[in-house]
Amino acid sequence: MEGSAAAWLRVAAVGCAAVACAVAAEMAARRGMAWCRWYRAVEVVRDLEQRCATPTEQLQRVVNSLAVEMFAGLVTEGGSRVRMLLTCVDALPDGSEEGVYYAIDLGGTSFRVLKVELGAGSTIINQKVEHQSIPENLTKGASNDLFNFIALALKNFIAREGGEDEGRPLGFTFSFPVRHSSISSGSLIQWTKEFSVEETVGKDVAQCLNEALVRNGLNMKVNVLVNNTVGTLALGHYYDKDTIAAVIIGAGTNACYIERNDVIVKSLDLLTNTGQTVVNVEWGSYRPPQIALTPYDICFKETRSYYDQGFEKMISGVYLGEIARLVFQKMAQVSDVFGAAAVDSLSTPFILRAPYLAAIREDDSPDLREVGRILEEHLKMQDVPLKTRKLVAIVCDIITQRAARLAAAAIVAILQKIGCDGTLCGTRKVRTMRGVRERTVIAIEGGLFQGYAVFREYLDEALTQILGEEIAATVSLRVMEEGSGVGAALLAAAYS
Ligand code: BGC
């Protein structure tokens, strides 16, 4: 008996050891698998980082090629990936404008109605701006519905302000590509950003608004139709005559600048009193050949139409959050870092807006609390561990950095076009000898730029890397609060 009990115990002991070994092996295998899955998520981020790298030499090539496209766009209509649209604005407000003017600013789903009271000597005595959201159905519905909505908003605004509409000139900021036939008229070439009211394409948008004003019983008429870049330039110039260009980095991105008529070859008969014209670059449609698209770039999935806003989709607010969502979706597909529920919540397009991306990147709490809150509230991901939250923040950083650096390259391309990037002007001493301007001011506006400090830091850093410290010091980006709308009111005054 004793012998068999001992044998049994021996068997049991061997059995236990075998089980323990099996359990340990199973745990090790699981740990190995978990590590493998985590590693796959890390790999997605590492791959993104490599694809989004924009070393300074590459940015310099983007500068050169965009500047070449800008030249080409001035030579022939349709001869370039940037449209270089003539705006019919040949003179900018100089500070002598006086009186009360109204403006409408339509550029994204939040639009504005403005009343601006001007006094002599570049003084804005009073300024009232009302923001309104455009219901989503109007951004894709019938043209008349959209313009009726805008006209009615203006009518109610004027009534609330106790003002009168009788024959008043109206500034209309319309932030989409328009082919102008005069300062107060122009046909829509294509919708961009969140809008797709197909009926309006090809129509004179100022006339669309004028007709809606009449339908709504308002006795007003659009006297200037401007892009938001042009409005921003107008306000910049109103305050500072060294302002030669304006840039928007918000829901969309674009720039305009003051060009000499004699280099606008595609329109050599262009006669203006000043010999200059403001050109709307429409750089959003540029596709830099030096920058390979990542599988997450939104333009990647679309038909490669010639003007598909490829540059805008890498830089501006409507798209950055969406690129991040697509990266997170990939991470969730190859690993379980976000938990099982994530695959569903991450499949909703445009669920992650740019302000959340900014808040994720700017969360500097040690446990990334804000990142956790945004993932939980907006992407329905519960209890995401800290190490995954860190990966999420890195993804947002990579996307932000590429966007800001490309925006910087585009700004330098404008400077190169007008000979202020140092390549033509040389050092400060040579610039002074040649009488080249010592100071270049660029007016800038847009929610992404104004509301996202890290974006601004990356952009400034890239400007200095491309231009060199000496030239960079002569360029100042000056934020023009509500510039696009207030500038339209200023132009309405200047051209009335
Ligand atoms: C439009 C431009 C506009 C820019 C910034 C782009 O989508 O095409 O006209 O200036 O957005 O709002």
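The values are calculated or read from the model by the stated rules, or taken from the named source; none is laboratory data. Just so it is clear, the model here is predicted, and its values are computed rather than measured. As a convention, Cβ positions derive from the backbone with ideal geometry for all residues, glycine included, and neighbour counts pool all protein chains shown. Protein only, heavy atoms only, side chains kept; ligands, DNA and RNA dropped before computing areas. Shrake-Rupley method; radii C 1.70, N 1.55, O 1.52, S 1.80 Å.
The table below lists the values:
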quantity	calculated
Selection count, region 55-74, where residues are more than 23 Å from the chain's Cα centre (by Cα) and surrounded by 14 or more Cβ atoms within 10 Å (Cβ to Cβ)	3
Residue within region 208-218 that is within 16 Å of the ligand (Cβ to nearest atom) and modelled with pLDDT of 95 or more present	no
Residue in region 291-309 that is modelled with the highest pLDDT, counting only those that are surrounded by 13 or more Cβ atoms within 10 Å (Cβ to Cβ) and not in a loop (DSSP other than H, G, I, E, B)	298
The listed residue being touching a strand residue (DSSP E or B) at 6+ places or on another chain (Cβ under 6 Å), open to solvent by 20 Å² or more (accessible area, probe 1.4 Å) and modelled with pLDDT of 95 or more, out of 477, 448, 491	477
Qualifying residue in region 272-283 (condition: among the aromatic types (Phe, Trp, Tyr), within 26 Å of the chain's Cα centre (by Cα) and away from the ligand (no atom under 16 Å from the Cβ))	no
Residues located in region 219-236, provided they are within 16 Å of the ligand (Cβ to nearest atom) and among the aliphatic types (A, V, I, L, M)	224, 225, 226, 230, 233, 234, 235
Qualifying helices (runs of 4 or more DSSP H) (wholly inside region 337-382; at least 1 residues being at pLDDT 95 or above)	354-362, 369-379
Single residue of region 182-200 satisfying the filter (farther than 22 Å from residue 152 by Cα and among the β-branched types (Val, Ile, Thr)) that is nearest to the ligand (Cβ to nearest atom)	192
Residues that are under 20 Å from residue 220 (Cβ atoms) and either open to solvent by 60 Å² or more (accessible area, probe 1.4 Å) or part of a helix (DSSP H, G or I) (or both), drawn from region 115-144	117, 126, 127, 128, 143, 144
Cross-chain or 6+ apart pairs with Cβ under 6 Å, region 220-232 first and more than 9 Å from residue 206 (Cβ to Cβ) and of a type in the set (A, V, I, L, M, F, W, C), then more than 16 Å from the ligand (Cβ to nearest atom) and in a strand (DSSP E or B)	220/168; 220/170
Hits in region 81-101 (condition: assigned to a loop (DSSP other than H, G, I, E, B), over 24 Å from residue 240 (Cβ atoms) and among the hydrophobic types (A, V, I, L, M, F, W, C))	82, 84
Selected residue (criterion: farthest from residue 321 (Cα to Cα)) from residues of region 237-280 that are outside any strand (DSSP E or B) and in contact with a Gly (Cβ under 7 Å, 6 or more places away or on another chain)	261
Some residue of region 270-286 being over 21 Å from residue 185 (Cα atoms), crowded, with 24+ Cβ neighbours inside 10 Å and touching a strand residue (DSSP E or B) at 6+ places or on another chain (Cβ under 8 Å)	yes
Complete set of residues in region 377-389 that are of a type outside the set (Val, Ile, Thr), surrounded by 14 or more Cβ atoms within 10 Å (Cβ to Cβ) and either more than 17 Å from residue 399 (Cβ to Cβ) or touching a His at 6+ places or on another chain (Cβ under 7 Å) (or both)	380, 381
Residue match in region 101-109 (condition: over 20 Å from the mean Cα position of the chain (by Cα), free of Cβ contacts under 8 Å to residues at least 40 places away in the same chain and closer than 21 Å to residue 226 by Cβ)	no
Within region 165-181, considering residues that are surrounded by fewer than 19 Cβ atoms within 10 Å (Cβ to Cβ) and part of a strand (DSSP E or B), the one nearest to the ligand (Cβ to nearest atom)	179
Region 237-257: number of residues that are within 20 Å of residue 489 (Cβ to Cβ), more than 15 Å from the ligand (Cβ to nearest atom) and under 25 Å from the mean Cα position of the chain (by Cα)	5
Selected residue (only one of 104, 125, 158 is touching a Lys or Arg at 6+ places or on another chain (Cβ under 9 Å) and under 26 Å from residue 240 (Cβ atoms))	104
Contacts under 7 angstrom Cβ, first residue in region 190-210 being free of Cβ contacts under 8 Å to residues at least 40 places away in the same chain, partner away from the ligand (no atom under 14 Å from the Cβ), 6 or more apart	191/197; 204/185; 206/184; 206/185; 206/222; 207/185; 210/221; 210/222
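Yes or no, residue by residue, for (1) surrounded by 16 or more Cβ atoms within 10 Å (Cβ to Cβ); (2) free of Cβ contacts under 8 Å to residues at least 12 places away in the same chain:
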{"position": "317", "(1), (2)": "yes, no"}
{"position": "337", "(1), (2)": "yes, no"}
{"position": "343", "(1), (2)": "no, no"}
{"position": "357", "(1), (2)": "yes, no"}
{"position": "361", "(1), (2)": "yes, no"}
{"position": "365", "(1), (2)": "no, yes"}
{"position": "375", "(1), (2)": "yes, no"}
